[in-house]
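The values are calculated or read from the model by the stated rules, or taken from the named source; none is laboratory data. Since this is a predicted model, take the numbers as computed values, not measurements. Cβ: placed from backbone, ideal geometry, glycine included. Neighbour counts: every protein chain shown.
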Amino acid sequence: MTGQHLPLCQTIGSVFIGMSFSLLLYGFACAQVLYYSRAYPQDKRMTKIVVALLWLLDTSVTAITIKFSWFYLVENHSNQTALTTIPLLLSAEWATSAVVVLLVQSFYVYNIWTLLMNTRCRAPFTFTAALLCLISFASGTALAVVALLHDQLPALFSVIAVPASMQDITAAIADIYISVSLIWILHASKTGHGRMDGILQRIILYTVNRGLLTIIMQVVLWGTYWGIIGRVDFVWIIPHFMESKVYVNSMLAVLNVRNHLRGANSLKVFSEFMAEDLLPDSPIT
């Protein structure tokens, strides 16, 4: 690749845009964590630990993103040969992002487990969701390992095509499964009372929006991976740098919307994500 003119818009430009969106979403996450810490001091310790852990992981991903961008934009400024090399830091970023996605998805899987308490379908529903999440995480881990062994472009993209596709597709399927399950459970919990059903309908709407956001992100990321095979192109960096942050922000938004629902309906809305004390006994058996 030495001496070959490489497209700066699709390489350096993509790194800069990806880093910019990453920092923007990280700022949103920090604001949401600050709001959460002030608005929900009564939450269970485990929920607070999950939020703190997510923020620490998100901070780590952001730091790696900045260092990754620094490698191309500053350390190797005007050195086009460097564009054919992927720094080893990317493996750490891939692995950390996979942990973030797994943690957020596990949060929703736990809610499926909680909402299906005392029902026969509890175990199979939860097991299926957990299995999909673990397959996606395993694929993401494999992706990080492969990137450690292959750091040259465009050969790397051909090698990671399978694990990257597995990660994105199974993550999207897991998000679809989780969203549909939660929507079904919430819809089945409607009682016919206007105010109660109004709250449930709004929670369903939030669930749909969250699911669509993460599913679209995974599909776009999968498409960009396959679109760059055989060439040096960093367009995939843009959705990749945004992926874990979309998951973090969507989960924090779900947690932080509780006071809004409570104020709008003058009712005690869920103590964690969806409160068991709000939902009537589930008609699902």
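Tabulated results
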{"quantity": "Among the residues listed as Val146, Val162, the single one being exposed (fewer than 14 other Cβ atoms within 10 Å of the Cβ) and assigned to a helix (DSSP H, G or I)", "calculated": "Val162"}
{"quantity": "Test: residue in region 197-210 that is modelled with pLDDT of 85 or more, within 13 Å of the chain's Cα centre (by Cα), at negative phi and not hydroxyl-bearing (Ser, Thr, Tyr)", "calculated": "yes"}
{"quantity": "Region 114-125 - residue that is free of Cβ contacts under 8 Å to residues at least 60 places away in the same chain and crowded, with 16+ Cβ neighbours inside 10 Å and, of those, nearest to Ser22 (Cα to Cα)", "calculated": "Phe125"}
{"quantity": "Given (1) under 24 Å from Ser165 (Cα atoms); (2) at pLDDT below 90; (3) surrounded by 14 or more Cβ atoms within 10 Å (Cβ to Cβ), number of the condition Ile216 does not satisfy", "calculated": "(2)"}
{"quantity": "Only one of Ser106, Ser97, Ser69 that is part of a helix (DSSP H, G or I) and more than 25 Å from Ile178 (Cβ to Cβ)", "calculated": "Ser69"}
{"quantity": "Some residue of region 255-272 being assigned to a helix (DSSP H, G or I) and at pLDDT 85 or above", "calculated": "yes"}
{"quantity": "Region 219-253 - residue that is farther than 17 Å from Leu25 by Cα and β-branched (Val, Ile, Thr) and, of those, modelled with the lowest pLDDT", "calculated": "Val232"}
{"quantity": "Count - residues of region 67-94 that are of a type in the set (A, V, I, L, M) and free of Cβ contacts under 8 Å to residues at least 24 places away in the same chain", "calculated": "2"}
{"quantity": "Thr128 being crowded, with 20+ Cβ neighbours inside 10 Å, hydroxyl-bearing (Ser, Thr, Tyr), in a helix (DSSP H, G or I) and under 22 Å from the mean Cα position of the chain (by Cα)", "calculated": "no"}
{"quantity": "Where Thr2 falls short, out of the listed (1) in a helix (DSSP H, G or I); (2) among the hydroxyl-bearing types (Ser, Thr, Tyr); (3) at pLDDT below 95", "calculated": "(1)"}
{"quantity": "Which numbered condition Phe107 misses (of (1) crowded, with 20+ Cβ neighbours inside 10 Å; (2) touching a Leu at 6+ places or on another chain (Cβ under 8 Å); (3) in contact (Cβ under 8 Å) with a residue 60 or more places away in the chain)", "calculated": "(2)"}
{"quantity": "Neighbours by Cβ (under 7 Å, 6+ apart or cross-chain): first from region 32-48, crowded, with 16+ Cβ neighbours inside 10 Å; second β-branched (Val, Ile, Thr)", "calculated": "Val33/Val51; Tyr36/Val51"}
{"quantity": "Flag if Ile64 is in a helix (DSSP H, G or I), aliphatic (A, V, I, L, M), without any contact (Cβ under 8 Å) to a residue 40 or more places away in the chain and under 20 Å from Gln167 (Cβ atoms)", "calculated": "yes"}
{"quantity": "Any chance Leu90 is buried (at least 16 other Cβ atoms within 10 Å of the Cβ) and in a helix (DSSP H, G or I)", "calculated": "yes"}
